[in-house]
Every structure is written in C-alpha cells, then in structure tokens.
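Participant: Below is one structure. I have some questions about it.
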Amino acid sequence: MSNNINDFIEALEAKTPGEREFHQAVQEVVESIWEVYQRNPRYQKAKILERMVEPERVIMFRVPWIDDQGEVQINRGYRVEFNSALGPYKGGLRFHPTVTLSILKFLGFEQTFKNSLTTLPMGGGKGGSDFSPKGKTDNEIMRFCQSFMTELQRHIGPNTDVPAGDIGVGGREIGYLFGQYKRIRNEFTGVLTGKGLAWGGSLIRPEATGFGAVYFVHHMLENLGKDIAGHTFSVSGFGNVAWGAISKINELGGKVVTISGPDGYVYDPDGIKDEKVEYLLELRATNNDIVEPYAQEFNVEFFSDRKPWEVPVDIAIPCATQNEVDLDDAKLLVQNGCFLLAEASNMGCTADAVEYLIENLHYAPGKAVNAGGVAVSGLEMTQNSQRLNWTREEVDKRLHIIMREIHDTCVKHGKNGSRINYVKGANVGGFVKVADAMLAQGVV
Ligand code: 2IT
C-alpha cells in the first residue's frame, strides 16, 4: 500500500504507460478521496483503490467492414467493463478517430463515480471505436455498426452491460446496433439505451445530458442567490449535449451566444434560439462535423480555428470533449468576468485549468454536471424492465430530482466554509458508495 499520492500515481503510470488521460482522471479522484481513504483502514486493507483503478475486464476487437467503393476497412473496437459493484456496467460508446484505450479507460473510470452519484443501480463502463463517422454514408455507418455489434454482442446484455451513445453515436447508430443485436441473439431486450421511442426508448433521453446540466447549474446559482434568467452563456460543441443545454437555458430565460466545432466557433450576439436551435440537429445530421454553416445560414461571425472561451460571458458550459478548456482559456474566461463554469463534457478542463478554476470561480466537474444523460438511461432501463413507457413530465421530474440530489451530495462532501468544492464533493460522494459495495462483496 502506497502511503502517499505520488507513490500511488507513479505505480499506476508504471503499470499503464502512456495512458495520459486515464492518469489525469485517476489523479483527480485520488487527490479528492485520499483523506477519506487514509481515515478508513478497512478500505486500505481491502486495497479498494488499487482494485478500482484496474478495469474488471477490457475487450478489444477487430471491426472489419466494406466501404461504398468496395474497399475493406479495419477499425478497432473496445469495451472497457470498469466496475460492476453497483449494477451492470453502464456507459456510452464513442465513435471518433481520437478513441484510444486511454480515452476509454478515463471515461469508464469517471463513469463509475458518475453512475454512483445518480443514485441508480448502475456500474461503470465505456466503449467505442476509432471509426470516424465524418463524411461516411448512411450505408457505411450501418455496415460498421453491424460489424461492431457482431463481436460486442457476446459481451453485453440487459443484466450484464448496457451501452448507450456518446460522441459519434446517436439515435441512428443505436438503431443499427440494436437491430444487429436482436438479429444475432433473437432477443428484444433493453440491452442498449438511447433507443427510439417506438422500440423501448425513453422520452427526454436525447435532451437529458443538456437539461440535467442546466438543472445542476440552476442549483449552483440558487446557492449563490442567483438565477439562470438574464445571464449570458458560452457553450462549446453543437451536438446533442449542446442542443439540450441551449434549449433549457432559453426556456429558463438565459442567452447562449456561442457554439463550436472542430473548425472554430460561431458568435451569435442575439442568442441561439428558436429555429436556430433546431438547425443544430440538421447540421449534425450532415455528418460533416463543422459548425461554420451556421454562421452562413444566420449571417453571424465565424472564428476559424479558435475556441469560444475568448468571448466575455457570465457562465461557460463546455459541451464538446475532454480537455477543451486549458489554463489559458480558464484565465481568459475569469478575466472577462465569467463567474461559473460547469462541464457538460467529460473532463472538459485540463488538470491545471481545474486547479485555477476552483480558486477563481464556481466550477463543477463533468461527472456531476453531465450525469443527467446516464441517469435517464437508467430510467430507460427501469421502464424496459417494467415494460412501460413513462410520460415526458414523469421522466423530466425524476431527472430534476436526481440532479438536485447530486448537487446535495456535492454540497455534503465538498462544503468548505462558504464555498463548495464540487470536485471533492462529487469524487467523495461517488467513491464512498462504490467502495462500500466493493467491501461488502469481498475480494472480487
Ligand atoms: O458520458 C456519459 O455519461 C454518456 N455518454 C451517457 C452514458 C449512458 O449510458 O447513457
């Protein structure tokens, strides 16, 4: 047993060389929970932390498929089954060229604590492929999904491992994946979430991550005696999460002035609202992964190869991908008057940015802020088990309650005088439940 954090991290790095994102995610959690760990000899004796950083199982596989030109293509598929102490492995699939084992291990590790925070019975997992949906035709995407599921189906099931979407995997991909699972296993079952409404999906699931993030921000603001209404927001990304967040911010009287893509960002000083919000869905469906057409469509400014964090706003909500806010971005946001940053993306800020943000504004991490997505996935699993569909109001009400409970958990474990350390609150709150379940279940 290592007796300091550095020894622990060094040992982890030696065992998992080059997995930078994974090390970053582990280090943040370990720093937050170290005090609790030191105070609890039972955790130490059972080597809870050493076990937690080792995924229960990692599956890597070849995904061969044939493109529209008849050429054979080969991608790599993964499923990281990280921790099943609280329930079946649960977490999304990411299809993006940047996907590596390190990325999926960081996401699976984070997912374990996020899922614990939701209060629902879900373990943590993540998967995906280095496949790029960019510029692919619908038929190519279908053939890829079918090949991917032909292998993945052996490892998953409604009581074992329940994948969902993430970057590059939306309703269309979940449909193709579900169809292939059903065909091979001859089973119509809740093995995936994010399904279509007519075949086992839940209302609010597409909006859930964005809605949940805004509910969380609402509670952060409430704690400061403030409200969403009247504030200006910058959002990054233009996918599902950004769309949900922007819709809810508009509904609650806030104004969103930016969205972004890999090509740059759009600044819309009048606010992204009404038909402009629905246009985001159209843009996404083109498979081009660029945001610039929005600027042409609505005659606003586009800033090529730049990030939206240079625009002065009250509140920033990163909704794109990991490490999208670095220390310079963080400083610029604060300098320009931003007083709150809530990550709707997973690990949206670099480690040094997080350190700075905790000191200089009100910051909350992805595993708390974006947990609404997987929470509604959990509610989709409940509805599938009941063979019932709940109303929009029912799902939304439960989502809001869950986000409030996550906020309460962060306050309980992260309160430090008049300030709340949301990183510590989320990590300790998520950790304790998983650790206690692991203790109860013995050395497995
Ligand atoms: O990062 C996430 O929490 C997700 N991509 C959603 C996972 C899920 O199982 O709904």
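Values quoted throughout were computed directly from the atomic coordinates according to the rules given, and no laboratory measurement underlies them. Since we're looking at a predicted model, the values are computed, not measured. Cβ: placed from backbone, ideal geometry, glycine included. Neighbour counts: every protein chain shown.
Participant: In µm²/s, what is D for region 165-216 at 10 °C and 1.306 mPa s, where D = kT/(6 pi eta Rh) by Stokes-Einstein and Rh is the Kirkwood radius from Cα pairs? Don't jump to the answer; show the numbers that get you there.
Facilitator: On the way: Rh = 11.9 Å.
This corresponds to a translational diffusion coefficient of 133 µm²/s.
Participant: So for the chain, averaging the separation of alpha carbon pairs under 8 Å that are six or more residues apart and normalising by length, what relative contact order in percent results? Numbers along the way, then the final one.
Facilitator: Details: 910 pairs, mean separation 68.4, N = 444.
That works out to 15 percent.
Participant: Right, another one. Apply 1/(1 + (r/R0)^6) to the Cβ-Cβ distance of residue 443 and residue 297, taking R0 = 51 Å, and write down the FRET efficiency to the nearest 0.05.
Facilitator: Working: r = 58 Å, r/R0 = 1.14.
In this case the efficiency is close to 0.30.
Participant: A further question on this structure: Quick check on my link table: of 47/90; 90/367; 105/134; 47/114; 90/126; 105/126, which ones sit more than 18 Å apart, alpha carbon to alpha carbon? Please report the intermediate quantities before stating the final value.
Facilitator: On the way: 47/90 23 Å; 90/367 14 Å; 105/134 24 Å; 47/114 21 Å; 90/126 7 Å; 105/126 7 Å.
Distance filter (> 18 Å) returns 47/90; 105/134; 47/114.
Participant: Then there is this: Using a ≥ b ≥ c from the Cα gyration tensor of region 121-190 (square roots of the eigenvalues), is it rounded, prolate or oblate, where a/c under 1.5 gives rounded and otherwise the larger of a/b and b/c decides, a/b for prolate?
Facilitator: Numbers: a/c = 2.07, a/b = 1.37, b/c = 1.51.
Because a/c hits 1.5 or more and a/b fails to exceed b/c, region 121-190 counts as oblate.
Participant: Would you mind finding the longest exposed-site-free stretch of the chain, with exposed GluC sites (Glu not before Pro) meaning DSSP loop and at most 12 other Cβ atoms within 10 Å? Walk me through the numbers before you get to the answer.
Facilitator: Working: sites that count: 71, 187.
Within the chain, the longest run free of exposed GluC sites (Glu not before Pro) spans 188-444.
Participant: For region 156-200 and region 62-78, what is the centre-to-centre distance using only Cα atoms, to the nearest Å?
Facilitator: Centre-to-centre (Cα) distance: 21 Å.
Participant: How do 362, 219 rank when sorted from fewest to most other Cβ atoms within 10 Å of their own Cβ?
Facilitator: 219, 362
Participant: Let me ask you something else. Would you kindly state how much longer the chain becomes between residue 183 and residue 394 on full extension, computed as 0.36 nm times their sequence separation minus their alpha carbon distance, in nm to one decimal?
Facilitator: On the way: separation 211, 0.36 × 211 = 75.96 nm, distance 3.21 nm.
Difference between extended and current length: 72.8 nm.
Participant: Given 0.36 nm per residue, what is the gain on full extension from residue 275 to residue 46 after removing their alpha carbon distance, in nm?
Facilitator: Values: separation 229, 0.36 × 229 = 82.44 nm, distance 5.53 nm.
That works out to 76.9 nm of additional length.
Participant: May I pose another question? Expressed as a whole number of Å, what is the distance separating the alpha-carbon centroids of region 1-60 and region 304-372?
Facilitator: If you average the Cα positions of each part, the centres end up 25 Å apart.
Participant: Scan the chain and note any complete DSSP helix (H) whose C-alpha atoms cover at least 18 Å along its axis and whose Kyte-Doolittle average is -0.5 or more. Provide the component values of the computation, followed by the final result.
Facilitator: Numbers: long enough: 20-39 (29 Å, -0.69); 101-117 (24 Å, 0.42); 138-152 (21 Å, -0.22); 171-185 (21 Å, -0.84); 205-223 (28 Å, -0.13); 371-386 (23 Å, 0.01); 392-414 (32 Å, -0.84); 422-440 (27 Å, 0.80).
Qualifying helices: 101-117, 138-152, 205-223, 371-386, 422-440.
Participant: Is region 328-399 best put as rounded, prolate or oblate by its Cα gyration tensor, with a ≥ b ≥ c the root eigenvalues, rounded for a/c under 1.5, and otherwise prolate when a/b is larger than b/c, oblate when not? Present the calculation step by step, with values, prior to reporting the outcome.
Facilitator: Values: a/c = 4.91, a/b = 2.99, b/c = 1.64.
Because a/c hits 1.5 or more and a/b exceeds b/c, region 328-399 counts as prolate.
Participant: Now, a different point. How would you rank 284, 419, 205, going from fewest to most other Cβ atoms within 10 Å of each one's own Cβ?
Facilitator: 419, 284, 205
Participant: Would you work out if the chain is rounded, prolate or oblate? Take a ≥ b ≥ c from the square roots of the eigenvalues of the alpha-carbon gyration tensor; rounded if a/c is under 1.5, else prolate when a/b is larger than b/c, oblate otherwise. Display every interim value, and only then the final one.
Facilitator: Numbers: a/c = 1.40, a/b = 1.01, b/c = 1.38.
Rounded.
Participant: Treat the count of other C-beta atoms within 10 Å as a stand-in for reagent exposure and order 349, 410 from fewest to most. The partial results should precede the final answer.
Facilitator: Values: 349 26, 410 29.
Fewest to most other Cβ atoms nearby, the residues stand as 349, 410.
Participant: I would also like to ask the following. Please work out the C-alpha center-to-center distance from region 211-258 to region 118-144 and express it in whole Å.
Facilitator: 26
Participant: Any idea what log10 I(q)/I(0) is at q = 0.12, 0.17, 0.23, 0.25 Å⁻¹ for region 70-139, Debye with uniform C-alpha scatterers and no solvent?
Facilitator: Taking Cα atoms of region 70-139 as identical point scatterers yields -0.37, -0.62, -0.89, -0.98.
Participant: Still on this structure, please answer the following. Express the relative contact order of region 255-385 as a whole percentage, based on alpha carbon pairs under 8 Å and six or more residues apart in sequence.
Facilitator: Working: 209 pairs, mean separation 24.6, N = 131.
The normalised contact order for region 255-385 reaches 19 percent.
Participant: Just to be sure I follow the rule: in region 185-313, considering lysines 8 or more places apart or on different chains, how many pairs have Cα atoms under 16 Å apart? Walk me through the numbers before you get to the answer.
Facilitator: On the way: 226/255; 248/273; 248/276; 255/273; 255/276.
Step by step, the pairs that qualify in region 185-313 add up to 5.
Participant: Please compute one quarter of the surface area of the Cα convex hull for region 34-123 and express it in square nanometres.
Facilitator: Mean orientational projected area (region 34-123, Cα hull): 7.4 nm².
Participant: For region 288-444, what mean projected area does the convex hull of the alpha carbons give, in nm²?
Facilitator: On the way: hull surface 55.2 nm².
One quarter of the hull surface, i.e. the mean projection, equals 13.8 nm².
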